[in-house]
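Read through the structure below, which is laid out as structure tokens, and then see the notes.
The values are calculated or read from the model by the stated rules, or taken from the named source; none is laboratory data. Just so it is clear, the structure is predicted and the values come from calculations on it, not from any experiment. Every residue, glycine as well, gets a Cβ built from its backbone with ideal geometry; the counts of neighbours run over all protein chains shown. Each accessible area value is taken on the protein alone, full model and side chains, heavy atoms only, with ligands, DNA and RNA left out. Shrake-Rupley method; radii C 1.70, N 1.55, O 1.52, S 1.80 Å.
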Amino acid sequence: FLSVRPEDEGFTKFVVIKETTKGPKLIWVEVGTTDFQNVEVNEGLSQGDKVYVLPSEGLVKSQEAFGERLRERARR
């Protein structure tokens with residue numbers, strides 16, 4: 001499953017663990033806009049699905065970059 005990484009992994013595509021009737025399953029989810037508390041899901045999940053989100057290196061880096069941009073704006 002994870003042998004091929006999508007080009008946008010960590011930016012618009014993330015691996016989550018989806019709860020299914022047969023147990024947990026790894027899936028790719030494509031996301032859209034976010035305010036870092038809520039995120040728009042474009043592909044991979046349906047309303048009501050239960051998931052466990054795994055932090056990725058790309059997610060951590062994008063959150064750090066966003067925080068730095070906010071700090072820069074506050075200094076002006």
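The residues of the range 4-59 that are in a helix (DSSP H, G or I) and among the acidic types (Asp, Glu) amount to a single one, Glu57. Selection within the range 21-44: residues that are farther than 20 Å from Glu7 by Cβ and not acidic (Asp, Glu). The member of this set that is most open to solvent (accessible area, probe 1.4 Å) is Lys22. If I filter the range 46-61 for residues that are modelled with pLDDT of 90 or more, more than 10 Å from the chain's Cα centre (by Cα) and either closer than 16 Å to Phe11 by Cβ or open to solvent by 90 Å² or more (accessible area, probe 1.4 Å) (or both), do I get at least one hit? Among the residues of the range 46-61, at least one is modelled with pLDDT of 90 or more, more than 10 Å from the chain's Cα centre (by Cα) and either closer than 16 Å to Phe11 by Cβ or open to solvent by 90 Å² or more (accessible area, probe 1.4 Å) (or both), which makes the answer yes. Scanning the range 4-20 for residues being polar (S, T, N, Q) and exposed (fewer than 12 other Cβ atoms within 10 Å of the Cβ) gives a total of 1.
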